[in-house]
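Inspection log for the structure reproduced underneath, given as structure tokens.
What follows draws every value from the coordinates through simple rules; no lab data is involved. Quantities reported herein were computed from a predicted structural model and do not represent experimental measurements. In this analysis, Cβ positions are derived from the backbone assuming ideal geometry, glycine residues included, and neighbour counts consider all displayed protein chains.
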Number of protein chains: 2
Amino acid sequence: MSKNDYVVIMAGGAGTRFWPLSTSKKPKQFLDILGTGYTLIQDTYNRALNICDKNNIFVVTNKDYYNLTKQQLPNLPEKNILLEPYRKNTAPCIAYAAYKIREINPNAVMVVLPSDHVIKKEKIFAKAIQSCISKANKQDALITIGIKPSRPDTGYGYIQYITDSNINEKDDRTFKVKTFTEKPDLEMARYFVKSGEFLWNAGIFIWSVKNIIYALETHDSELASIFQEGKDIYNTNNEAKFLEKAYSTCKNISIDYSVLEKAQNVYVRSTIMGWSDVGTWRSLYEHLHYDSHKNAVAGKNVMLYDSSKCLINVPNEKLVVIQGMEDFIIIESDNMLLICKKDAEQQIRNFVNEIKIQKGDKYI
Amino acid sequence: MSKNDYVVIMAGGAGTRFWPLSTSKKPKQFLDILGTGYTLIQDTYNRALNICDKNNIFVVTNKDYYNLTKQQLPNLPEKNILLEPYRKNTAPCIAYAAYKIREINPNAVMVVLPSDHVIKKEKIFAKAIQSCISKANKQDALITIGIKPSRPDTGYGYIQYITDSNINEKDDRTFKVKTFTEKPDLEMARYFVKSGEFLWNAGIFIWSVKNIIYALETHDSELASIFQEGKDIYNTNNEAKFLEKAYSTCKNISIDYSVLEKAQNVYVRSTIMGWSDVGTWRSLYEHLHYDSHKNAVAGKNVMLYDSSKCLINVPNEKLVVIQGMEDFIIIESDNMLLICKKDAEQQIRNFVNEIKIQKGDKYI
């Protein structure tokens, strides 16, 4: 754990795929979606504490989530909560953090972590990150974490690497990246998995601030110059005002498009660490504990009869009796109730849109 | 409308067949179960106003429901709410009311109405009652209302009458009763309906207080003497104290067993008045308005997808999205949620018992 190591947690997302549990007022990263007693951002923060000191952990989130972040991470120094005035995807978020941290410590290595993923094998995760930090310190490398795919998932991004392109001779797990592919169709995903050359993109990055800033300047000079302009303003009282301008100017773009797909020094570390982006109820279901009828239940007063393979998440104080349900999602949150077949969960987006149209933002 | 006409509304029941909508704290009669804007007891009271003046309407209920009764029937004189200290079925309830009313008006005719039934054809009901009152005034007759059965329902009681035993030559609808049968099996129910000699027992009675008291003295002298004892106490400040003693002494018995099955002067008036005791969710479902997919929905923020033949009752302010449900009951009330197949509704009793065992009375 070096004083040069930093973690940047990206926590600005506002997905409603877990509606009604997640809403734009309280998105997934702020939920204890696994029923472990910790929200996903708390889990992420705790993992970050194994990487660096809490003073070196930064959470970048939307200004709307300042209070939630403060509440859920009471030990994080308040000044380490970086507030984005607008949602502009990952590239501006990472650029902002990189330029800001450079003014604090030009030798910083930053680990970028999404705030809403599940990682079951924390030790493997920590070891992989340490190994990547050490490489990012020594080499001009932008390193991503790739997950060995266990199935042809069409919901993930895939990273193809060049076999026999090890980052150095001692490392047989970190390879040069050849291509990025977002959400392939099933046939392609099957081919990817079979080929052995593809890994899932976990959205976790390790690089020195020097190298990522150089890469931004090289591959997205427009974005780079916007955040370069704040050089003397970061970590002063004028930062928020500057950000308002910077974010209203900059485009909405992911770090993949902005930099990684163009740069020649991108590496991927192949890892098996029980990772999931838990992007759907079904993928969440896989991570939960079942009862003997394969019902995954969160809620202390749920009574089940003749029911199986359901995912149930209701407040503890609520008494719920369910009979005759199979393969359903039953979610109650904050005066909203969703009952929906598991295999119809892709419709939840439509429900949410319909609600927006019919009822406004009140319930979203 | 004579000053001798009285209505006694029996409102002490505490059924939980409509759990979680009905609980022992707020049983069915106090619910707007049809979504009409009126609770069943309010509907009953309004029907009673067509029979007699409000000063002649008495509601007999459990002491626990005093406030509910007062709230829901604000125009009923407070002294007309008769409070039973214990639940002892219909015979003590009727005896109490009869002995008390006799002290007010010895020439009273009382109409006994359950508080939690549905009657769709109010005019026919009013006409039938008026006709029975007039007979009860003139003749030594205990008259019940019988409903022409439309199906072999096994949940109702049946009254067999003697054809060609008209109460008088002008009346071809009121007959002498031969037998009472509680909840027959399906085969028997089919036979009953086919025979044309059987009517459903609606639990509605019309008799003079003189005659019912005479019948009680004759057929259940034990019960009669308990309530006879209060003769000089009814309508005084000591009534509650007397009732405590009377009710703790008297047995739990229905008026059918106590008197009607033994008396020789019991008549039944055959009626078709859109009556139902709405004793089950399914029978309630029949009385509700459907949407085009046969969903009966109470609740202003319910959104249905790929769902049919469901009975849904949720608070207006609750946002509910339901997908992929067929033939289900979905009820939310007071922090309790029931999801249950329509054809499994007889299990609700078991659920409620299980809840009692596991969670105590809190939810019942």
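Need one word for the range B:167-305: rounded, prolate or oblate. Basis is the Cα gyration tensor (sqrt eigenvalues a ≥ b ≥ c); a/c below 1.5 gives rounded, then a/b vs b/c decides.
oblate
Which residues' amide hydrogens lie under 5 Å from the amide hydrogen of B:Glu84, considering only partners 5 or more residues apart or on another chain, with H built in the peptide plane?
Long-range HN contacts for B:Glu84: B:Thr61, B:Asn62, B:Lys63.
Please compare each pair in A:Lys309/B:Lys341; A:Lys88/A:Lys241; B:Lys88/B:Lys245; B:Lys251/B:Lys356; A:Lys63/A:Lys183 to a cut-off of 22 Å on the Cα-Cα distance and tell me which ones are over it.
B:Lys251/B:Lys356; A:Lys63/A:Lys183
Over all pairs of distinct alpha carbons, what does the Kirkwood formula give as the hydrodynamic radius of the range A:74-140, in Å?
Final number for the Kirkwood radius of the range A:74-140 is 14.2 Å.
Using helices alone, I'd like the mean residue ellipticity at 222 nm for chain A: each DSSP H run of four-plus residues gives -39500 (n - 2.57), total over residue count, nearest 500.
-9000 deg cm²/dmol
Non-local amide H neighbours of B:Ser308 (under 5 Å, H modeled in plane, Pro and chain starts lacking H): which ones?
B:Met325, B:Glu326, B:Asp327
Mind grabbing the base-10 log of I(q)/I(0) for the range B:19-121 at q = 0.15 Å⁻¹? Debye formula, identical points on the C-alpha positions, no solvent, two decimal places.
The Cα Debye sum returns log10 ratios of -0.63.
Provide a whole-number value for the mean count of partner chain Cβ atoms within 10 Å of the Cβ atoms in peptide B:323-333.
Partner Cβ neighbours, averaged per residue: 4.
Taking 45 Å as R0, compute the FRET efficiency from the Cβ-Cβ separation of B:Asn265 and B:Tyr38 and round it to 0.05.
The formula returns an efficiency of 0.80 here.
Explain nothing, just compute: Karplus ³J(HN,Hα) = 6.51 cos²θ - 1.76 cosθ + 1.60, θ = phi - 60°, for every residue of the range A:352-364 in order, whole Hz, x for Gly and Pro.
4, 4, 4, 4, 4, 5, 7, 10, x, 7, 3, 9, 9
Could you tell me what percent of the DSSP beta bridges with both partners in the range A:1-114 are antiparallel, to the nearest 5?
Given both bridge residues lie in the range A:1-114, the antiparallel proportion sits at roughly 5 percent.
So what are the radius of gyration and Dmax for the Cα set of the range B:240-364, in Å?
Expressed in Å, the Cα Rg and Dmax of the range B:240-364 come to 20.5, 59.
Using only the Cα atoms of the range A:113-184, build the gyration tensor, take square roots of its eigenvalues as a ≥ b ≥ c, and label the shape rounded, prolate or oblate: rounded if a/c is under 1.5, else prolate if a/b is larger than b/c, else oblate.
oblate
For the range A:186-225, just list the percent of Cα-Cα distances falling in each 10 Å bin from zero outward, please.
That works out to 24, 27, 24, 24, 1, in percent per bin.
Inter-copy label distances at B:Asn237, 7 Å along the Cα→beta-carbon direction, one decimal in nm, shortest first?
7.5
Determine the percent antiparallel among the DSSP beta bridges restricted to the protein assembly as shown, to the nearest 5.
Roughly 45 percent of the beta bridges in the protein assembly as shown run antiparallel, per DSSP.
What ranking do B:281-292, B:307-318 get when scored by the average of other Cβ atoms within 10 Å per residue, highest first?
Taking the mean over residues of other Cβ atoms within 10 Å, the ranking is B:307-318, B:281-292.
In the range A:219-364, what % of DSSP beta bridges are antiparallel (nearest 5)?
35 percent
Can you compute the modelled spin-label distance between A:Tyr305 and A:Tyr66, with each label point 7 Å from Cα toward Cβ, in nm?
5.2 nm
Under the classification rounded if a/c is under 1.5, otherwise prolate if a/b is larger than b/c and oblate if not, where does the protein assembly as shown fall, given a ≥ b ≥ c as square roots of the Cα gyration tensor eigenvalues?
Prolate, because a/c is 1.5 or more and a/b exceeds b/c.
Would you kindly state how much longer the chain becomes between A:Ser221 and A:Ala240 on full extension, computed as 0.36 nm times their sequence separation minus their alpha carbon distance, in nm to one decimal?
4.6 nm
How many Cβ atoms of partner chains, on average, are near each residue of B:301-307 if near means within 10 Å of its Cβ?
Counting Cβ atoms of other protein chains within 10 Å of each residue's Cβ and averaging gives 4.
Rounded to two decimals, what ratio of Rg to Rh does the range B:290-347 give with C-alpha atoms and a Kirkwood Rh?
Computed over Cα atoms, the ratio is 0.94.
Once you have the alpha carbon radius of gyration of chain B, what is it after dividing by 2.2 N^0.38 Å, with N set to its residue count?
Taking N as the residue count of chain B, the ratio is 1.02.
What is the projected area of the convex hull of the Cα atoms of the range A:166-249, averaged over all directions, in nm²?
8.5 nm²
Find the eigenvalues of the gyration tensor of the Cα atoms of the range B:159-215, then list the square roots of 5 times those eigenvalues as equivalent ellipsoid semi-axes, largest first, in whole angstrom.
24, 16, 8
HN-Hα J couplings of the range A:174-182 from phi, Karplus 6.51/-1.76/1.60, θ = phi - 60°, integer Hz, Gly and Pro as x?
Once rounded to whole Hz, the list reads 10, 10, 6, 8, 9, 9, 10, 10, 7.
Mean separation of Cα pairs under 8 Å and 6+ residues apart, divided by the residue count of the range B:69-183: what relative contact order is that in percent?
14 percent
Within the P(r) computed for the range A:48-181, what percentage of the Cα pairs occupies the region above 27 Å?
29 percent
What is the set of long-range amide H partners of B:Lys121 at a cut-off below 5 Å, with H atoms built 1.01 Å from backbone N?
B:Gly274
A:Asn353 to A:Tyr191: extension gain in nm, 0.36 nm per residue of separation minus the Cα-Cα distance?
54.9 nm
Taking each label point as 7 Å beyond Cα in the direction of the beta carbon, state the distances from B:Asn166 to the same residue in the other copies, shortest first, in nm.
With the label placed 7 Å along Cα→Cβ, B:Asn166 yields 11.0 nm.
Relative contact order (percent) for chain B, with alpha-carbon contacts under 8 angstrom and 6 or more residues of separation?
19 percent
Shortest first, in nm, what separates the label point of A:Lys63 from those of the same position in the other copies (7 Å along Cα→Cβ)?
Relative to the other copies, A:Lys63 has label-point distances of 6.2 nm.
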